[in-house]
Amino acid sequence: MYIILTQCFPSRSGGIESLVSNLALSIGKNEKVIVLADQHNILQDAIYDNEHKKKITIKRYAGIKFFRRQKKNNELKTFIKFQKIKFVIADTWKSIEFCADELIYNNIPIVCLAHGNELFGNTEKKKKRIRSSLLKSSIIIVNSNFTSGLVNQLIGKQDKIKIVYPGANDLHLVKPDTSFTINGNPVLLTLSRLEKRKGHIFILKAVKKLQKKFPDIKYIIAGEGDEKYKLQHYVASNELYRNVVFVGNVNDEQKKQLFDHTDIMVMPTLDESKNRSIEGFGIAYMEAAFFGIPSIASNIGGTPEAVLHDKTGIIIQNHQELFNALNDLLINNQKLKNLGQNAKERAEKLFTWKNVVKNYLLAIKDYN
């Protein structure tokens, strides 16, 4: 039996949520899997749990974080007492912080996933907590070489670290939401939470300049977050109403519609590591790649591993290069097409969940 401890799980959306759910469902085809997850939305959680109940067992925990953890730990102790557990898989170090000693005492191996942001501590006390949990893990599976470096700086135990790139959802078989209309030529897309580090403001500045050459250009901002008001204010101040659309959070059907009409995925992330925020990899780039959409990204964090410069997209060194990178691709149709085709072939070869989960399972198996 495998137990998965997670704060990040559907019905909540996000990269970690997608990774943990796909991992659980894939292992669940051959092994008994019990997921101890945080509650997100009672109704939506129930729909997801019911849909997958034949493959995995999901137990949800609500309330204040401290009490959620206590409830999970008590449940875990019951399983340890009465069930044979092969592995415990944690979405991050936070999920094993208060149960690792119990697992070690009972000789149960711990697989801890590491993604990037959660590895930054703003105090020495926080750094010690992170380091302690990672050191107690049997294996740490990271999402990029960049994240591997962050973990290595913390614990100096390279032999514990396994690098496995995450997968991405290929939405080709999803029926698009055609009521979700997209008009524009060309169409740029950023699909992410609206956070400063995602670089939306720099894209808006580039769109303002591109507007002169491409009057029908459309920039679609998908997602919600704290930066929304600031971005909307910029659009209003610069009269970009015709060229910029905020669509909020999108479901898979709406996302499919967006990908069907997008020319370039743009997300030039900032180095916000001082504020404990950085891109460990960038699954959104890979989701777009399945549709033959090239990406423009910055040379920050793990993004150069998700977007290969001059092969599947363009990596810029700073935000002053963004306008030229966009302009060059938009006036060079053949290059745009070639980068998109390369991105599609790479995604289909390396980033389907079927292949990625095999890599995770091999990393876990290697521990034995």
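FYI, it's all coordinate maths here, none of it is from the lab. Worth saying up front: this structure is predicted, and the values here are computed from it rather than measured. Using ideal geometry, Cβ is built from the backbone for each residue, glycine included, and neighbour counts are taken over all protein chains shown.
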Inset, instruction - Take the Cα of Ser132, step 7 Å along the line toward its Cβ, and report every residue of region 84-115 whose backbone nitrogen sits under 12 Å from that point. - result: 97-101
Inset, instruction - Enumerate the amide H contacts of Val35 below 5 Å, restricted to partners 5 or more residues apart or on another chain; note that Pro and chain-start residues carry no placed amide H. - result: Ile4, Thr57, Ile58, Lys59
Inset, instruction - Would you please state which residues of region 156-172 a label at Lys354 would reach in this model, taking the label point 7 Å out along Cα→Cβ and a backbone N cut-off of under 13 Å? - result: 170
Inset, instruction - Would you grab the residues whose amide H sits under 5 Å from the one on Ile314? Only those 5+ places off in sequence or on another chain, please, with H modelled 1.01 Å from N. - result: Ser295, Ile296, Ala297
Legend entry - Vicinal HN-Hα couplings computed from phi for region 68-75 (Karplus, 6.51 cos²θ - 1.76 cosθ + 1.60; Hz; Gly/Pro x): 4, 5, 4, 4, 4, 5, 5, 5
Legend entry - Highest to lowest packing among 133-141, 226-234, scored as the average C-beta count within 10 Å: 133-141, 226-234
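Per Stokes-Einstein, at 10 °C and 1.306 mPa s, what whole-number D in µm² s⁻¹ belongs to the chain, with the Kirkwood radius over Cα pairs as the hydrodynamic radius?
Once the numbers are plugged in, D ends up at 74 µm²/s.
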Inset, instruction - Give me the number: length gained by fully extending Ala62 to Asn249, i.e. 0.36 nm times residue separation minus the C-alpha to C-alpha distance, one decimal in nm. - result: 65.0 nm
Legend entry - In Hz, Karplus ³J(HN,Hα) per residue of region 236-246 (6.51, -1.76, 1.60; θ = phi - 60°; x = Gly, Pro): 5, 5, 10, 6, 9, 3, 6, 10, 10, 10, 9
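Would you list Met267, Met286 from fewest to most Cβ contacts within 10 Å?
Values: Met267 25, Met286 28.
Listed from fewest to most nearby Cβ atoms, that is Met267, Met286.
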Inset, instruction - Order the peptides 65-71, 107-113 from the highest to the lowest mean number of other Cβ atoms within 10 Å of their residues. - result: 107-113, 65-71
Inset, instruction - Just round it to a whole percent: the fraction of Cα-Cα distances in region 187-350 exceeding 22 Å. - result: 37
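Sorting check: for 316-324, 3-11, which peptide has the highest mean count of neighbouring beta carbons within 10 Å, and how do the rest follow? Each step should come with its number before you reach the end.
Details: 316-324: 15.0, 3-11: 23.9.
Per-residue mean Cβ counts within 10 Å order the peptides as 3-11, 316-324.
Which of rounded, prolate or oblate describes region 191-243 when judged by the alpha-carbon gyration tensor and an a/c cut-off of 1.5? Intermediate results must be reported in sequence, preceding the final value.
Details: a/c = 2.06, a/b = 1.74, b/c = 1.18.
Prolate.
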Legend entry - Nitroxide proxy distance, nm - points 7 Å out along Cα→Cβ at Ser179 and Leu25: 2.4
Legend entry - region 67-101 versus region 151-196: alpha-carbon centroid distance in Å: 29
